[in-house]
Amino acid sequence: MTSQFGHYALLLAFTLSLVQGATPFIFARRGDVALHVFCRRVAVAHCAAVIAAFAALSYAFATSDFSLALVAENSHTAKPLLYKFAGVWSNHEGSMLLWTLILALFGAYAARRGDQIPGRLLSFALAIQASISAGFLGFILMTSNPFATLAQTPAEGAGLNPILQDPGLALHPPFLYLGYVGFSMAFSFALAGLIDGGPGAAWARWVRPFALAAWSFLTIGVTLGSFWAYYTLGWGGWWFWDPVENASLMPWLTGTAFLHSAIVMERRNALAAWTILLGIVTFSLSLVGTFLVRSGVLSSVHAFAQDPSRGVFILALIATATGAALAIWAWRAPRLEKSAPFALVSRESSLALNNVLLSTAAFTVFLGTFYPLVVEMFGAGKISVGPPYFARTFAPIGAILVAAAAFGPALSWKRDTMRGAFARLRPAALAGMVALAAVTIFSRDLVAALLLALAAWLALGSLVVLARRVRLFEASLLTSLRLARTTPQAFYGLVVAHAGVGVMLAGMTGAAFWSSEKTERLYPGDALRSGQVELRLDSVGDVEGPNYQAEQARFTLKRDGAFVARLVSERRYFPMRDQTTTAAGIHTNLVENLYVALGEAGDGGGWAVRFYRHPFVPLVWIGGLIMALGGFVSLGDKRLRIGAPQRARVCPVGAEQWS
């Protein structure tokens, strides 16, 4: 019953997406406002059908309905309920259904809350959104049906991939998909604006909330993914330049550029063609990430088991969507309204430089990710592109980007001077110089000192700009409070997000330059030492988990002879999958992580123990969450909810006035 209900819900959703995609173009030719209202209602109905299908699959996983092939392959009665639910999207078919669900949710939200958006623009955007949904629903129905049944229902399932059985997996993919798919709205509105005659400043204001939400969710998703890999895989690192990690980083970089470019477009009606292009490219890179995970072109702990035909189908979707979008952009972009000129030193120029650096950084990641695949495809052998490449290409661009990011908020629109900007940021510059001198003296590592100075420069520079805006210490306290109340919420979001980048850079620097690793074979009672820290292996014993057996090691951690904490690390064996994983033991004070992973037992006794010290590494994830918080703070700005003024309504209730 569950399989039939879910399958028919998918068929209904597919049919409604086709209707939603066709209706606005009929509507555009006839000029019938009622069809526009109908399109918005169909978008909501389409979303409801996808929700029904997703709910049916979730119910099948929760109740261990092994008549569904997907549940039998990815669940088990002994698996905790949390992982049963996470199993819905921890596979190819379920993750594609989650992708389609989020796509429909964004479209339905725009349909329900788009009263401020002109009718033609919203209709075309909903049509494009539905066309994307129709492509993915067709893909699911033809190649990846999550409701396929088995001829004989097994008594037990195969269980979820052990690497994915972690609480972080219940959060990481949904947030990542909210970011990936959320940028579909930037794509849809970009094409809708081009079709409707050319987007302008009001268009940028209407699309920014969707892009801000997507960027904030994607920031959380990337941050959670990094943290999940850090404590689950037992490798002791927070980023490995894995191709699938890169697939999430590329749309984040171009999405960040899109947000900054949209600000210029909204305030000065400048960079319109470039902003539209970034909206197209960002979602296209999200589709590329989907292709990487499901095409079989790479092997990764993040990738699903694949059927090559699925990769071909997704590649065709990418080619169709991106090719059509770029063709329309090339046709209409030259006709977009040109803006008034601005000086070389101005807020507009700083944001344009931001775009150039972010786009260049995204290109270096794209090149490092796909060049080995292209070389292998043409039979020229296998090559590996790893951290050294990215350290030489991406890292310098990122450092320049951070150095320049503090200037943007300090510059005036249209025209300014570098001397004036430096004068406004003098306290931040002094703080950076102090950090540079202190780190150089104590660590004698000039590169690390420069990076920490940049982190201080950006984080404190953001706060300095806010202080100047509210005239802190320049006017009375009441005046500063009044100015703080009238400061737009988006400005606070900018300050928080830029400060988060500074915090993250400090964490990256500490982890890269001052981390230490020590591996020894220990017997119970033995200890290893790293500086002032001592790690003693107390005992090793067997424990039973819900669906695994584990070899559990207990450790005592001391610093300068004083007790700090007790740590537990496990090697877990999952019989249903015949697979072993490592659960690391981590002690953190939010400034430094002490990390231990239990290895294999030796033939002569004893266990391999890996011990890491990671100074500042918690700041990487704290900074990422601060950045996302900045995005959500900006979303609360009432200017993003009001939109452009509309003429008085003269059409029936429920229909929007055309413009």
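FYI, it's all coordinate maths here, none of it is from the lab. Just so we're clear, the structure is a prediction, and the values are computed from it rather than from any experiment. With ideal geometry, Cβ positions are generated from the backbone for all residues, glycine too; neighbour counts draw on all protein chains shown.
Please list, by residue number, everything in the range 596-627 whose backbone N is under 17 Å from a paramagnetic label point 7 Å out along Cα→Cβ of residue 564. Only 596-598, 609-619 pass the distance filter. Our analysis of the range 1-165 gives Rg over Rh at 1.08, with the two radii drawn from alpha carbon positions and Rh computed by the Kirkwood formula. Taking the helices alone, the chain has a mean residue ellipticity at 222 nm of -21000 deg cm²/dmol, built from -39,500 (n - 2.57) per DSSP H run of at least 4 residues and averaged over all its residues. Counting other Cβ atoms within 10 Å as a rough exposure proxy, the listed residues 15, 219 run 15, 219 from fewest neighbours to most.
Remark: spin-label model distance residue 419-residue 608 equals 6.3 nm, labels positioned 7 Å along the Cα→Cβ axis. Rounded to the nearest whole Hz, the Karplus-based 3J(HN,Hα) values (6.51 cos²θ - 1.76 cosθ + 1.60, θ = phi - 60°) of the range 479-489 follow the sequence 5, 4, 5, 5, 5, 5, 5, 8, 5, x, 5, with x at glycine and proline. Taking 0.36 nm per residue of sequence separation and removing the Cα-Cα distance, the residue 319/residue 474 pair yields an extension gain of 50.1 nm. The mean sequence separation of alpha-carbon pairs under 8 Å and at least six residues apart, normalised by the residue count of the chain, gives a relative contact order of 13 percent.
Proximity of backbone amide H atoms, modeled 1.01 Å from N, is registered between residue 565 and 557 at under 5 Å, excluding neighbours fewer than 5 places apart on the same chain. Treating r as the C-beta distance of residue 527 and residue 445 and R0 as 35 Å, the FRET efficiency rounds to 0.75. From least to most packed, judged by other beta carbons within 10 angstrom and beginning with the fewest, 268, 112 follow the order 112, 268. When the alpha carbon gyration tensor of the chain is reduced to an equivalent ellipsoid, its three semi-axes come out at 42, 37, 21 angstrom, largest first.
Of the chymotrypsin sites (Phe, Trp or Tyr not before Pro) in the range 88-185, not one is in a loop by DSSP (not H, G, I, E or B) with at most 14 other beta carbons within 10 Å.
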